[in-house]
Amino acid sequence: MSIFPASYSLLSQKALLLHITDHYDIGKVTGFQYFLKGMNDTYIVTTAIEKYIFRVYRADRRSQAEIEFELDLLECLASADIRVSTPIKRKDDSFLNTFEVSEGTKYGVLFNFAEGVEKPIHRIEDSYSFGKEVARLHNAADHFTSEHERGILDLEHLIEKPLQTLQAYMQHRPEDYSALYHLAMKLKDIVETQLDQGLDWGICHGDLHGNTNVAFAEDGTMTHYDFDLCGYGWRAYDIAEFRLAREIHSGHDQEEVEQLWQSFLNGYKEIRSISDNDIRMVPVFVVIRQLWLFSLCFQESELIGIADFDDGFIDSKMEYFKRAGDALIPSM
């Protein structure tokens, strides 16, 4: 009997627990919870002494080489005294676990648990401190090399491929897609024009919200985690996610947004130089990030359903892009 094709399968929690206890020397596991279904499956592993995170990467999203690139980066950052959630070796001294499932090969990795709490970042002090830590991360990543290949965060990844996805899901709204396409082409032209003046390029975390993907400890230290979107890209794009998160979470108070953003930049500049051109490009990359996220919602709809991504959802996004285009394009 043939097996019907599947896009996504969830590993048996019972079997996965047995696999972890068989392949890791971490002591007796006292708790094992399926914590989050996001772009990957995340589990919390608890022992009498420690907590860990076990991540199962989706077969359609990450190849072995891409994951090993991420793990190489974490090792590089940790060796430079950047606090990150690092991978744990198995009993056989390897990092990767392989799971053959109906849709292909999934890989799993056990990570140290990032101790601390997430913060919404409404305090200037937190924004300033986070800016310093991001600069330290970028400094350390300047020395990173890996023999493994991973896709880059270039204009094809950020604009061209998202437009292909959006076109497929907006066929019933050709005028809106046309407006979005023309805005995206203007954004692309702006980036390409600014390249002549220089934009900092290097390893990016790829998801620097500030309010997530970093754990704040009571002693003021921070631990970065979830480098699943990392890759080579423009640093202005990397920090644009922080700016976007502030606009989303403090959008009701524009003064607070600007204060938090300036505090972040002040902290960043204390550790690492950043050009005026990079700073000017951040608002452009904020809109490009929103375009990428817009397309991601439709990409994920095959797994989570299309119900939340109806015409009302498209309306809200088009309103955002209209406002952003009107505010941004005349100023560039």
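At a glance:
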{"quantity": "Cα centroid of region 47-101 to Cα centroid of region 123-168, whole Å", "calculated": "19"}
{"quantity": "Region 191-294, relative contact order [Cα under 8 Å, separation at least 6], %", "calculated": "32"}
{"quantity": "Hull volume in cubic angstrom per residue (convex hull over the Cα atoms of the chain)", "calculated": "158"}
{"quantity": "Residue-normalised accessible area of region 234-291, expressed per residue, 1.4 Å probe, Å²", "calculated": "36"}
{"quantity": "Of all accessible heavy-atom area on the chain, the percent that carbon and sulfur account for (1.4 Å)", "calculated": "50"}
{"quantity": "Stokes-Einstein translational diffusion, region 221-332 - Kirkwood Rh over all Cα pairs, 0.890 mPa s, 25 °C, in µm²/s", "calculated": "154"}
{"quantity": "Förster-model FRET efficiency, 30 Å R0, HIS182 and GLU300, C-beta, rounded to 0.05", "calculated": "0.70"}
{"quantity": "Mean separation of Cα contacts under 8 Å (6+ apart) over length of the chain, as relative contact order %", "calculated": "18"}
{"quantity": "Computed E for ASP189/ALA80 - FRET, C-beta separation, R0 35 angstrom, nearest 0.05", "calculated": "0.45"}
{"quantity": "Efficiency of FRET from Cβ geometry, SER316 and LYS51, R₀ 25 Å, rounded to 0.05", "calculated": "0.10"}
{"quantity": "Orientation-averaged projected area, Cα convex hull of region 178-284 (nm²)", "calculated": "8.3"}
{"quantity": "Tensor-based shape of region 10-108 (alpha-carbon gyration tensor, a/c under 1.5 rounded, otherwise prolate or oblate)", "calculated": "oblate"}
{"quantity": "Cα→Cβ-extended label distance, 7 Å offset, between LYS14 and ASP92, nm", "calculated": "2.5"}
{"quantity": "Cα→Cβ-extended label distance, 7 Å offset, between ALA327 and GLU149, nm", "calculated": "4.0"}
{"quantity": "Normalised convex hull volume, region 57-130, alpha-carbon set, Å³ per residue", "calculated": "135"}
{"quantity": "Percent RCO, i.e. relative contact order, over region 196-251, from Cα pairs under 8 Å lying at least 6 residues apart", "calculated": "46"}
{"quantity": "Nitroxide proxy distance, nm - points 7 Å out along Cα→Cβ at GLU125 and ARG280", "calculated": "3.6"}
{"quantity": "Mean Kyte hydropathy of -1.0 or more with a Cα span along the axis of at least 20 Å, helices from DSSP in the chain", "calculated": "64-79, 124-141, 174-194, 235-249, 254-271, 276-304, 311-328"}
{"quantity": "Share of alpha-carbon pairs per 5 Å distance bin for region 82-202, given as whole %", "calculated": "2, 7, 9, 11, 13, 15, 16, 15, 10, 3, 1, 0"}
{"quantity": "3J(HN,Hα) from dihedral phi, region 143-151, Karplus parametrisation 6.51/-1.76/1.60, rounded to Hz, x for glycine, proline", "calculated": "9, 7, 9, 8, 7, 9, 8, 8, x"}
{"quantity": "For ILE88, residues with placed amide H under 5 Å, excluding near neighbours", "calculated": "LEU110, PHE111, ASN112"}
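The values are calculated or read from the model by the stated rules, or taken from the named source; none is laboratory data. Keep in mind that this is a model prediction, so the values were computed, not measured. Here Cβ is always computed from backbone atoms with ideal geometry, including for glycine, and neighbour counts include all displayed protein chains. Remember, those area values only see protein heavy atoms, side chains included, never the ligands or the DNA or RNA. Shrake-Rupley method; radii C 1.70, N 1.55, O 1.52, S 1.80 Å.
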